[in-house]
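What follows draws every value from the coordinates through simple rules; no lab data is involved. From a predicted model like this one, the values you see are computed outputs, not experimental measurements. Cβ: placed from backbone, ideal geometry, glycine included. Neighbour counts: every protein chain shown.
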Amino acid sequence: MKRAIVSVLTGVVLLAGILGVRRADPDGDRKYEPIATSGVMGQQVNTTTFQLRVDRVELAGSVRILDSYGLLGTTKTTAGIWVVVWATVAATTEEFQMQGARLRTTDGVEYLTSTVQGTLDKTALQPGIPAYGPILFEIPRDKLAGAVLRVTRHGTKGGLDHLGPAVDVDLGLSGSYAKSLVQRTPALLTVDQVREL
Amino acid sequence: MTTPDPPPGRTESLRGPIRPWILLTAILFALATVLALAWPAGGLREFTPETPHRRLGEPITGHRLAMKPYKVSFLAKDPAPSLGDAKPGRFLAIELEVTNVSHQTATVSDLALNLRLTVSPSGATIDRFRDKVAGFVIRDGRFDRDQLQPGLTERVMIVYTVPVPLPDPTHLTMTVIDKEYVGGFQSDLSEWYDVDDPLAIYDLDVGR
């Protein structure tokens, strides 16, 4: 009888151990997520594929793009607010396009960059020729505080960026600062074109 | 070289009859396992999947999108000519109010992929790939935006061509398939996969 009790207890301990190891094991999304380098506004962040510096952030109720001929595009409205992130990006070793630019809010939600044309994320960059320009996001008005810019090479989540380079930039949008920015949001912002530096 | 004989006492205990407590424990364990698996799934009642039916203006919420169709129209003119060129033909336009309730950006194309359409009186299916001619967010009088950002409610129009042999549709049955962001069968990396049971079936009259 004593041996049976010891056997059952051993089985229970082993089963608990297996469950514990299973729980401690990170899921596939965490195992293979891009390898991110962190930075803050105004700081250059380097990866093996690209270099990025976020220069400033603006908000707007609607935007229009000024193209390379000096012509104004159509006005684009939004159900939330436009967040315009101005950044300087350079490819390091090969052509690079920043398709995977996302704004990640404190609740873990990710807003992929807008499909509006003429922005920095739609520009193919050649190595050694940095470019400065806007990246546009649409988010709800109450989600701005604490938002972080995440940049990867690809826009889809289908595995193309697994274990690839990524950059996370804290945009410095504390609660009170974000609130004051939202309150002072202009109804219309004319967004300048991308410039090679 | 021969294998030594096992001690006589040990042979007896291994080959003897199963002791009652072992049998009882095994039966209780089997019963407990069945109950532990069946109870959270609704017990041992017969499972009958019931897809809710909805009408125009009634909302539904899935794992990725919440939606409320507010207008279905049959049109003899292309309502969303791309690059200014109206396509010839007859069109079915569905207008919906859509909110992305997930944690990632979605598109009108993602929504359209999860609608199964059957029109009456023909009873024919509208092909979601071949017959779809446009899908866009209704904003700024243009047809070039299709992103649905989390938490932002948008008005959306999806346009289909009505194939030539079919009579003009008067009624539309729209089955909505839900998506769930989970690990797949072959890989534990998460993706949006169809949920087995439809989210809802809309019974909609087609206006002119």
Inset, instruction - Please turn the phi angles of region A:175-188 into ³J(HN,Hα) values with the Karplus equation 6.51 cos²θ - 1.76 cosθ + 1.60 (θ = phi - 60°), one per residue in order, whole Hz, x for glycine and proline. - result: x, 5, 5, 4, 5, 5, 4, 5, 5, 9, 5, x, 5, 9
Legend entry - Separation in nanometres of the label points that stand 7 Å from Cα toward Cβ, at B:Ser120 and B:Asp197: 2.4 nm
Inset, instruction - Only helical DSSP H runs with n ≥ 4 go in: add -39500 (n - 2.57) per run for chain A, normalise by residue count and round the 222 nm mean residue ellipticity to 500 deg cm²/dmol. - result: -5500 deg cm²/dmol
Legend entry - Nearest-0.05 FRET efficiency for A:Ser62 and A:Asp27, computed from C-beta distance (R0 45 Å): 0.65
Legend entry - Crossing angle, helix A:2-24 versus chain A [Cα axis fit, 0-90 degrees, rounded to tens]: 10 degrees
Legend entry - Computed FRET value (nearest 0.05) for A:Leu197 with B:Gln186, which takes r as the C-beta separation and R₀ as 56 Å: 0.80
Legend entry - Label zone at A:Thr123, where the point sits 7 Å out along the Cα-to-Cβ direction: region A:87-110 residues whose backbone N lies under 16 Å: A:87-92, A:95-101
Inset, instruction - Distance from a point 7 Å along Cα→Cβ of B:Leu166 to each backbone N in region B:175-208: keep the residues under 19 Å and list them by number. - result: B:175-177, B:201-208
Legend entry - Under-5 Å amide H pairs with A:Leu188, H placed in peptide plane, nonlocal only: A:Gly61, A:Ser62
Legend entry - MRE, 222 nm, helices only [DSSP H, n ≥ 4, -39500 (n - 2.57), over chain B, to nearest 500]: -5000 deg cm²/dmol
Inset, instruction - State the antiparallel share, in %, of DSSP beta bridges confined to chain A, rounding to the nearest 5. - result: 80 percent
Legend entry - Sites A:Val6 and B:Arg45, calculated FRET efficiency, Cβ-Cβ separation with R0 56 Å, nearest 0.05: 0.85
Legend entry - Peptide-level mean, for A:104-116, of C-beta atoms on other protein chains within 10 Å: 4
Legend entry - Given charges at Cβ of Lys, Arg, Asp, Glu: the protein assembly as shown dipole, positive-most of A:Ala91, A:Phe137, A:Met1: A:Met1
Legend entry - Cβ charges +1 (Lys, Arg) and -1 (Asp, Glu), total dipole of chain A, debye: 760 debye
Inset, instruction - With θ set to phi - 60°, apply the Karplus curve 6.51 cos²θ - 1.76 cosθ + 1.60 along region B:188-203 and write out the HN-Hα couplings as whole Hz, x wherever there is a Gly or Pro. - result: 8, 7, 6, 8, 7, 10, 5, 7, 4, 8, x, 6, 6, 10, 8, 9
Inset, instruction - Note down the Stokes-Einstein diffusion coefficient of the protein assembly as shown in µm²/s, whole number, using a Kirkwood radius over alpha carbon pairs, 25 °C, and 0.890 mPa s. - result: 95 µm²/s
Inset, instruction - Please list the non-local residues whose amide H lies under 5 Å from the amide H of B:Ala124, H modeled 1.01 Å from N, same-chain partners needing a gap of 5 or more. - result: B:Val119
Inset, instruction - Hand me the tally of lysine pairs in chain A: alpha carbons under 23 angstrom apart, and the pair either on different chains or 8 or more positions apart. - result: 7
Legend entry - Difference of contour (0.36 nm per residue) and Cα-Cα distance, B:Ala26 to B:Arg130: 31.7 nm
Legend entry - Label zone at A:Val40, where the point sits 7 Å out along the Cα-to-Cβ direction: region A:58-87 residues whose backbone N lies under 16 Å: none
